[in-house]
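Contents: one structure, followed by commentary.
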Amino acid sequence: MELKQDFIPQSNSNRPQTALRPTHITVHETANTSNGANAEMHARYVKGADAQARQVSWHVTVDDTQAIQHLPFNEVGWHAGANGNRQSIGIEICVNRDGNFPQARANAISLVRRLMNELSIGINSVVTHQHWTGKNCPANLLPSWNEFITDVREGTSPEPAPPMEGRLLRVIVDSLWVYNRPDWNARYTTVSRNEVFTIAEQLTVNGSRMYRLKSGLYITANPSYVQLI
């Protein structure tokens, strides 16, 4: 995977140009599920007025096709609180709903391994944003963080999930909630046993899989409730 460079201008207020000797790598997720919220979009964002107003910056954004570097690895970014900023490189993984998160995860693993090798950072120093500040980030990876670290250590990652677009699913319980957005709290209505729906894509929401349906609604991907046909 190519690591492109598209640096924040030195004149921007969110590029402090403070020297960094990184001892850690901090893994984040963008928390932006909007269509098109990929690495290119975040490269534009981090150079813009809103990022400067919020005083945020980080080193690399990675999606399912590429990684883009925003800061030199010897400069501090503002992404993980005072202690995290002073000690770590910040990596943001994209979670856009029109992307392939399992592939973005695999690309992040490759990037972390590369940086560990180039910067002599050990596996025990690959940490989450939560490690520094308590924030629930990276939200999708936290429930399986030990698996992520194992994959980094071993240089492996699960095969990306096969495309789900166009697949059919059947409800296999008497009543099941569907949602009007990718949020487990956004209950919309219920559907019934044996109803069939067409999948548009598979998402991971707070560590659990969900399908976006062609209708625009969302439904659990838990095989205890739905069955692919």
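The values are calculated or read from the model by the stated rules, or taken from the named source; none is laboratory data. Bear in mind that the values here come from a model prediction, so they are computed numbers and not experimental data. All Cβ positions, glycine included, derive from the backbone under ideal geometry; neighbour counts span all protein chains shown.
If you go through segment 2-26 and keep only what is crowded, with 16+ Cβ neighbours inside 10 Å and in contact with a helix residue (DSSP H, G or I) (Cβ under 7 Å, 6 or more places away or on another chain), you end up with Ile8, Asn12, Asn14, Pro22, His24, Ile25, Thr26.
Could you check, for segment 100-121, whether at least one of its residues is assigned to a loop (DSSP other than H, G, I, E, B) and in contact with a helix residue (DSSP H, G or I) (Cβ under 8 Å, 6 or more places away or on another chain)?
Our first condition is that a residue be assigned to a loop (DSSP other than H, G, I, E, B); within segment 100-121, this holds for 100, 120-121.
Those left that are additionally in contact with a helix residue (DSSP H, G or I) (Cβ under 8 Å, 6 or more places away or on another chain): 121.
Scanning segment 100-121 turns up at least one residue that is assigned to a loop (DSSP other than H, G, I, E, B) and in contact with a helix residue (DSSP H, G or I) (Cβ under 8 Å, 6 or more places away or on another chain).
For Ala80, the criteria (1) in contact with a Leu (Cβ under 8 Å, 6 or more places away or on another chain); (2) surrounded by 21 or more Cβ atoms within 10 Å (Cβ to Cβ) hold in every case but one, which is (1).
Looking only at segment 153-161, decide whether some residue is outside the structural domain of Asn124 (by TED's automatic domain parsing) and under 21 Å from Asn32 (Cα atoms). Checking segment 153-161: at least one residue is outside the structural domain of Asn124 (by TED's automatic domain parsing) and under 21 Å from Asn32 (Cα atoms).
Does Asn83 meet the test of being out of contact with any helix residue (DSSP H, G or I) (no Cβ under 8 Å at 6 or more places or on another chain) and assigned to a helix (DSSP H, G or I)? It is false that Asn83 is out of contact with any helix residue (DSSP H, G or I) (no Cβ under 8 Å at 6 or more places or on another chain) and assigned to a helix (DSSP H, G or I). Residues that are touching a Leu at 6+ places or on another chain (Cβ under 6 Å) and modelled with pLDDT under 95 within segment 45-74 comprise just one, Asn74.
Quick check on segment 136-144. Is at least one of its residues assigned to a helix (DSSP H, G or I), under 28 Å from Gly81 (Cα atoms), out of contact with any Lys or Arg (no Cβ under 9 Å at 6 or more places or on another chain) and among the small types (Gly, Ala, Ser)? Yes, segment 136-144 contains at least one residue that is assigned to a helix (DSSP H, G or I), under 28 Å from Gly81 (Cα atoms), out of contact with any Lys or Arg (no Cβ under 9 Å at 6 or more places or on another chain) and among the small types (Gly, Ala, Ser). Residues that are in a helix (DSSP H, G or I), in the same structural domain as Gly36 (by TED's automatic domain parsing), at pLDDT below 95 and crowded, with 22+ Cβ neighbours inside 10 Å are absent from segment 122-133 altogether.
Within the group Thr61, Thr65, which residue is assigned to a loop (DSSP other than H, G, I, E, B) and either polar (S, T, N, Q) or surrounded by fewer than 22 Cβ atoms within 10 Å (Cβ to Cβ) (or both)? Give the steps one after another, and end with the answer.
Working: Thr61 fails: assigned to a loop (DSSP other than H, G, I, E, B).
Checking each option against the conditions leaves just Thr65.
With respect to the conditions (1) free of Cβ contacts under 8 Å to residues at least 60 places away in the same chain; (2) buried (at least 21 other Cβ atoms within 10 Å of the Cβ); (3) within 26 Å of Glu165 (Cα to Cα), Met41 falls short on a single one, namely (2).
Give the residues of segment 175-229 that are acidic (Asp, Glu) and at pLDDT 95 or above, sorted by residue number. Let's see the steps before the verdict.
Initial filter on segment 175-229 (acidic (Asp, Glu)): 183, 195, 201.
Answer for segment 175-229, where residues must be acidic (Asp, Glu) and at pLDDT 95 or above: just Glu195.
Against the numbered list (1) among the small types (Gly, Ala, Ser); (2) under 23 Å from Trp132 (Cα atoms); (3) surrounded by 23 or more Cβ atoms within 10 Å (Cβ to Cβ), Ala51 comes up short only at (3). Take the conditions (1) under 26 Å from Asn74 (Cβ atoms); (2) surrounded by fewer than 17 Cβ atoms within 10 Å (Cβ to Cβ); (3) at pLDDT below 95; Glu154 misses just one of them, which is (1). Restricting segment 2-38 to residues that are in a strand (DSSP E or B) and not charged (D, E, K, R) leaves a set whose member that is modelled with the lowest pLDDT is Leu3.
Return the residues of segment 104-150 that are under 10 Å from the mean Cα position of the chain (by Cα) and not basic (Lys, Arg); say none if nothing qualifies. Give the derivation first.
Of the residues in segment 104-150, the ones under 10 Å from the mean Cα position of the chain (by Cα) are 104-105, 108, 137-141.
The answer is Ala104, Ala108, Cys137, Pro138, Ala139, Asn140, Leu141.
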